[in-house]
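This report concerns only the one structure given below.
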Amino acid sequence: MPKRYYIVTPIYYVNATPHIGTGLTTFVADVTKRYHKMRGEDPFFLTGTDENGLKIYEAAQSAGKDPQQFVDEISQIFRDVWQGMKIEYDRFIRTTGEDHTKAAQRVFEILREKGYLYEDTYKGWYDVSSETFYKESELVDGKSPDGNEVRWVEERNLFFKLEEFGPRLKKHIEDNPEFIQPVSRRNEVLSFIDQGLRNVCVTRKNPGWGIPVPGDEELVIYVWFEALINYIAGAGWPDGDWQSLWPADVQWLGKDILTRFHATLWPAILMGLDLPLPKTLATHAWILIGGEKISKSKQNVVLPLVLAEETAQISGCSTDIAVDAVRHYLAANMPYETDSTFSYEDYYQRFNSDLANDLGNALNRSLSMAHKFIGDTVPTAEIEPPIQQAIDKAKADYEEAMEQFRVDRATESALGLVRFLNKYIDDRAPWKLAKSGDPALGGVIASMLLALRTSEALFRPIMPSAADAIAEQLGQSPLTNWSEVGSPDSMKAGAKMQTPQPIFPRIDLAAALPPQPESNEQPKPEGKKQETAKSEPEAKPKIDFEQFMNVELKVARIIEAEPVPKSSKLMKLKVQIGPEDRQIIAGIAKAYSPEDLIGRQVVVVANLKTAKLMGLESQGMVLAADDEDGSPILLQPDKEAPEGTSVH
Ligand code: MSP
């Protein structure tokens, strides 16, 4: 069987349920899998749960549960959460499973036969929280370097001769620059090796939980030692067709478990077994909340599916789309070399700016203009060179980023393409081409649609449901074949496009976020008129909130503008509010010419009773402020927002 692209994540401790931090490692692995699947590389993605060890045993005890029942329950929660997050793993391995147990015991036997294990008394400190042994000299104020409690251990154990592997490990890391990524972490590992590796205690006294040492039931295999073996056990080693998977092409992991475990102990075990090493250990930094590591005791845990549910409620999108929004956030903010901080504010702002605005506008504008100016079928026309270049560049940048395991940069290149598209629409102004009957119109619309189609594919590994929705609105089947991405052939001409539907409805940040602390600004003294206001208009009677909410204010785009004959003040406008067009007669002709107006976004009162001005029907009102001399200053959204977006 040909070698498959093999992706693995660390296996998660089942003493807690997954939060957005643990979700991150699994999620970036999922994006990697989906991308390689599109490339036709038949990827295989392994994840699972780490269920042995003292930490889990003690957690089960304090929960008053039988350990097996305890791990069964929490491991199931992991699978449920991953399913909710659309994680497409191919195998979920559990270290209490039979094949993992057998593989771990087999590794133990081989290494013992080869003389890599020896017996001695272990005397030292043990940190149960990270399941790590520490020397006295490594403790900081009597605690582990991470600040965890440690306990004294003195027991007969077996040791692995890690020290022997130091020079080989160092050489491998130096000869294979892609082995540890990023480079800064690679340097950390090299200096750790230079300080001298210590032999590792690889057994613990059997508490009645864990994988027994073959032939010595008084001992269990040290949890880290056996947990690492899941990567080959999950591939089918020693009996199955493991060579179709191993060595892993990428092992994703967080920075905390690189140096001591994945970059030293794990490759040394593989060297001892004469097995090849994984190609790349792709390491990411942490997501912090409130400047701290996420943890139950700090009460700063954010659960990915709860966050998605909140997003769905606040924005009104479906849960499926909200999950994509969480995935997008994790992708765009992936902490790579340095930690990143999660905040609701940042999360919702990104939702609005990247998804509701940049992507939403590109989709909405392209589709509504296509419908309006050329009809509902996908045209056949030459793609304009600037768009084709932008598409090719976005695809190439995306590929390079994924090759370097920079999911954040790949996301940025997808976003860059939709931002470019929005700018292209402004520059090429299809409404003007339509008005003047310019033959370039077909090519411009086809170019806009191809850019959208390409963004669908680039976003697909990150936001699979949103990508499906884009394809559907374009009247296309999902674009899943990477070699077609960016090619004009990826867009089936003649297909019927749908009218645009916002996929990510804009979030009202004021409603979504808790109130901000009061500002320090001094209140203005009452009764004193502001000096800048020329003349205070008469105060209107106070209205209540309901009355205000009865006024339907909407974002609209002016698509046609012409002066009303025989009037110096009035301009006849055609505006687009969502899918519908309206005629509005506005008193703005003295201040604005039609060229200033066509293509621009404004805010309109959409539920005003129809009025007649100079014999022409006006179906709304455009909002404007009054200049000093009374001439109008049009209000415009601070950023592009989809036509039809409510204003309040
Ligand atoms: N069970 C061990 C791994 C054994 S692999 C043979 C373990 N489990 S863990 O559940 O504590 O962590 C698993 C992964 O989640 C690690 O990659 C870790 O870095 C990652 N994260 C846990 N919290 C995190 C953040 N707050 N931010 C980013 N990643 C974090 O270690």
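For this structure, a couple of remarks:
- Complete set of residues in the stretch 80-107 that are in contact with a Phe, Trp or Tyr (Cβ under 6 Å, 6 or more places away or on another chain) and surrounded by fewer than 18 Cβ atoms within 10 Å (Cβ to Cβ): Asp90
- In the stretch 372-387, the qualifying residues are those that are over 20 Å from Arg600 (Cβ atoms) and assigned to a helix (DSSP H, G or I), and the one that is farthest from the chain's Cα centre (by Cα) is Ile374.
- Flag for Asp127 being in contact with an Asp or Glu (Cβ under 8 Å, 6 or more places away or on another chain), more than 30 Å from His36 (Cβ to Cβ) and among the acidic types (Asp, Glu): yes
- The C-beta contact set for the stretch 94-117 (first residue under 17 Å from Glu217 (Cα atoms) and in contact (Cβ under 8 Å) with a residue 12 or more places away in the chain, second residue small (Gly, Ala, Ser) and surrounded by fewer than 20 Cβ atoms within 10 Å (Cβ to Cβ), distance under 8 angstrom, 6+ apart or interchain) is empty.
- 2 or more residues β-branched (Val, Ile, Thr): qualifying strands (runs of 3 or more DSSP E) within the stretch 540-648: 553-563, 571-577, 580-586, 601-605
- Conditions (1) in a loop (DSSP other than H, G, I, E, B); (2) free of Cβ contacts under 8 Å to residues at least 60 places away in the same chain; number of the one not met by Ala312: (1)
Per-residue answers, yes or no, for (1) over 17 Å from Glu98 (Cα atoms); (2) among the hydroxyl-bearing types (Ser, Thr, Tyr); (3) surrounded by 16 or more Cβ atoms within 10 Å (Cβ to Cβ):
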{"residue": "Val189", "(1), (2), (3)": "yes, no, yes"}
{"residue": "Asp216", "(1), (2), (3)": "yes, no, no"}
{"residue": "Phe225", "(1), (2), (3)": "no, no, yes"}
{"residue": "Ile257", "(1), (2), (3)": "yes, no, yes"}
{"residue": "Ala282", "(1), (2), (3)": "yes, no, yes"}
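- Taken together, the residues in the stretch 217-263 that are more than 25 Å from the chain's Cα centre (by Cα), outside any helix (DSSP H, G or I) and more than 11 Å from the ligand (Cβ to nearest atom) amount to 16.
- Sole exception among (1) over 30 Å from Asp127 (Cβ atoms); (2) out of contact with any Leu (no Cβ under 9 Å at 6 or more places or on another chain); (3) within 16 Å of the ligand (Cβ to nearest atom) for Ser297, by number: (1)
- From the list Asp194, Asp241, the lone residue that is touching a residue at least 40 places away in the same chain (Cβ under 8 Å) and of a type outside the set (Lys, Arg) is Asp241.
- Those residues of the stretch 152-177 which are surrounded by 14 or more Cβ atoms within 10 Å (Cβ to Cβ) and within 30 Å of Met402 (Cβ to Cβ), in sequence order: Leu169, Lys170, His172, Ile173
Readers should treat all values here as calculations from the given coordinates under stated rules, not as data from a laboratory. Treat the numbers as computed from the prediction; the structure is a model and nothing was measured. Heads up, the Cβs are rebuilt from the backbone with ideal geometry, glycines too, and the neighbour counts pull from every protein chain shown.
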